[in-house]
1. Among the lysines, which fall within straight-line cross-link reach of B:Lys134, defined as a Cα-Cα distance under 26 Å, with same-chain neighbours fewer than 8 residues apart omitted?
2. Counting other Cβ atoms within 10 Å, keep those with at most 11, restrict to DSSP loop, and tell me which GluC sites (Glu not before Pro) in the stretch A:271-350 are left.
3. Using the Cα centre of the stretch A:98-251 as origin and beta-carbon charges of +1 (Lys, Arg) and -1 (Asp, Glu), tell me which of A:Gln168, A:Ile210, A:Ser129 is placed farthest towards the positive end of the dipole.
4. What does the structure give for B:98-110 when I average, per residue, the other chain Cβ atoms found within 10 Å of the residue Cβ?
5. If one puts a single equal scatterer on every Cα of the stretch A:248-389 and applies the Debye formula without solvent, what log₁₀ I(q)/I(0) results at q = 0.15, 0.17 Å⁻¹?
6. Give me D for the stretch A:371-468 in µm² s⁻¹, whole number, from Stokes-Einstein with Rh from the Kirkwood sum over alpha-carbon pairs, 10 °C and 1.306 mPa s.
7. Report the net charge of residues surrounding A:Thr153, where surrounding means a beta-carbon distance below 14 angstrom and charges are Lys +1, Arg +1, Asp -1, Glu -1.
8. Suppose every K and R has +1 on its Cβ and every D and E has -1 on its Cβ; what is the size of the dipole of chain B about the Cα centre, in Debye to the nearest 20?
Amino acid sequence: MPSHPEGILESSDPTSEENPRTQDHQPDLQKLHIQSSETDSGKASQDSALDNGHDDSGEFVVTMLARSKVEEQGMGTKDASSPLSETGTPLGPPSHRNEDVTADSWRQHRKHVFVLSEAGKPIYSRYGSEEALSSTMGVMMALVSFVQSGDNTIRSVYSDEHTVVFTQRGPLVLVSVSSSRQSEQQLRQELLYVYNQIVSMLTQASITRIFEHKKNYDLRRLLAGSEKILDGLLNLVDSDPSILLSAVHCLPLASSLRDSLSQILQKSITPNLVFSILIAKNQLLTIVQEKTVIEDARLEPSDLHLLLNLIGASSAFQAGEIWTPICLPSFNPDCYFYAYISYLDPPECTVCLVLLSTDKEAFYSVAECKRKIEEAMQTQNALNSIAKAHLYSVSQVGVSDLRHFMYKPFDVPDNHRQLTQFTSPEMEAPYSSEEERMRLLDLYRDMHSRIHSTSRPLKLIYHVAERETLLAWVTSKFELYTCFSPLVTKTCAINAITKLLRWIKKEEDRLFIRYPPKYSTTPNPSKSSKSDAH
Amino acid sequence: MSLRELKVCLLGDTGVGKSSIVWRFVEDNFDPNINPTIGASFMSKTVQYQNELHKFLIWDTAGQERFRALAPMYYRGSAAAIIVYDITKEDSFQTLKNWVKELRQHGPPNIVVAIAGNKCDLSDAREVLEKDAKDYADSIHAIFVETSAKNAININEVFIQISQRIPVLDAEGSSVRGFKLRRQPAESTRERSCC
């Protein structure tokens, strides 16, 4: 169904205009040694910024491995303009791109994420510029290939303060260096999200083909301008439990309103339109799928998270109507959909319509669907009703001592075809500050990792923490995390949960999309099968 | 008054200010922290030109390399292309020349080409001489202006000049969309108006 990825990269030759200076990052240890002693031989001036970064940041990983603290050596890569930077760099890089990677503040970030190619070439770093970190990444690649040479795979390294998790996907190596105390499994899942976000922009097939063609290709050329999307994803991973729970958070809405929105989407279709998605305040309102699609596959929460992140991370969608190729990796990692993205309420830009087509040329007919949707919503005054929708307060549940919860049902009707969802109230006092919110999420993450431990999975955890009491419970019907005031008793907590479950049952039509709507379009095989880039 | 729809696409390196030009033209606004365009963004604006209304259907394309191969989808059927470079970046002027080449090979035969040297408010950091760019534009019979989306210099002028260059409709031709223009037999104007 979705068109093949050839289109987007066809005319851009991945081998052209390659910067020859960056070819000397070879993945093995010997080469790294050679590289550091080789710098005087002729290309010293060009490589100086690289070398400055080299000693210091290269030690970063080693430092953690050796659990020793390295003295600052005062070698500044303070000037972020590197001789390795390519032409056509994106405008106005965010400030943490210019961070001094030799500074303590850089080391103290809670979670670093690095992406590099198998040749050890930097692709992405969450903090600091990739150029300044190329030797750090070289060390990482050296670790990966050293272990590989013994027919083994490096998975993680633990120190007192940090967990370093490695994962390799095709020609890309992803590394998380975290002091968040999350489990290896969770960190690995986050890395997979980063990989998938890259795939959503380039497709897996293209990435593979590029590196088959040229092992030391600089993938940043193709990701230029997309750093913000990866930054946004990592912020989302840290601050939103959706990714932890692998479930989608819907905006609570009266089911009659949600149904009428779905009907509007169902009626406004065109050939090759596959998904119609309505989003408000970065949360899902409704999603309508083409009938044949819903029969062979479904949209995975992870794909929807990537899509939501893409839209949330860039203000580029707030101007005009956007038409862009996008790959949904869990649906099909090798193909592109063409996404029509437009806000329905400019200039506030809170309600966003996403229409996914398999036909690259379908912009005008898809844009016509938007006009129909807009019209129908206007007659029903739907935007007004959507504006009134918001998250609920935990006080609505009417259980004292209950401060917050996350509930993910498994027993939704038509479950196997249904998007996995969860519901959660707003985080209110005492979790109103950024730090406190993060602390609660950390507690949840810890409960989550313990209950889903691969070595000793649990069903129920009752955990009395310093400032709150938590109870996590996994059954065949749901997964539930609750947070109570610290003085609650066990009996009290269990009674509260009974009440909570009753409340959710009563409210479920409002909290979840219970019956995902579908539409059927007449397939148009002549157009849907192939796309070519002219 | 008759309404003509004119499809216009903006091409050029990433970060030269394509979206800012469109934003200035359509909304008369400027955002210094604008995000890079993803895919392409579609906007329209109607302006009066003589006794006609010209509705510009504007495709603002992303300059990043990963979207490069999509460009034909946007310039195909365009009545005009605005190729933008940044006067403070010599490289972006080289990229512009590649776009001209590509349009010549694959673009619609009588497409009107406009060259916009953007960021002319930053003349202290100038790398591309106005004369060089003007000479180049003349050599390919393109419209040439230096613009500043930030200070609203010459933005409307680009579109006015495009209106001026668009061939007048023949008596029976009521153009609904810009792409009808390319069907006009214009063998003689081909050399002149196209690159």
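The values are calculated or read from the model by the stated rules, or taken from the named source; none is laboratory data. Since we're looking at a predicted model, the values are computed, not measured. Counting neighbours? That spans all protein chains shown, and the Cβs are built from the backbone with ideal geometry, glycine included. Surface areas here come from the heavy atoms of the whole protein model, side chains and all, with no ligands, DNA or RNA. Shrake-Rupley method; radii C 1.70, N 1.55, O 1.52, S 1.80 Å.
1. By straight Cα distance, B:Lys134 reaches B:Lys7, B:Lys18, B:Lys89, B:Lys97, B:Lys101, B:Lys119, B:Lys150.
2. When the GluC sites (Glu not before Pro) of the stretch A:271-350 are filtered for loop state and at most 11 Cβ neighbours within 10 Å, A:Glu348 remain.
3. My answer, from the dipole projection, is A:Ile210.
4. Other-chain Cβ atoms within 10 Å of each residue's Cβ, averaged: 0.
5. Values returned for q = 0.15, 0.17 Å⁻¹ are -0.70, -0.92.
6. Calculated translational D: 93 µm²/s.
7. Residues close to A:Thr153 contribute a combined charge of 0.
8. Dipole about the Cα centre, nearest 20: 700 debye.
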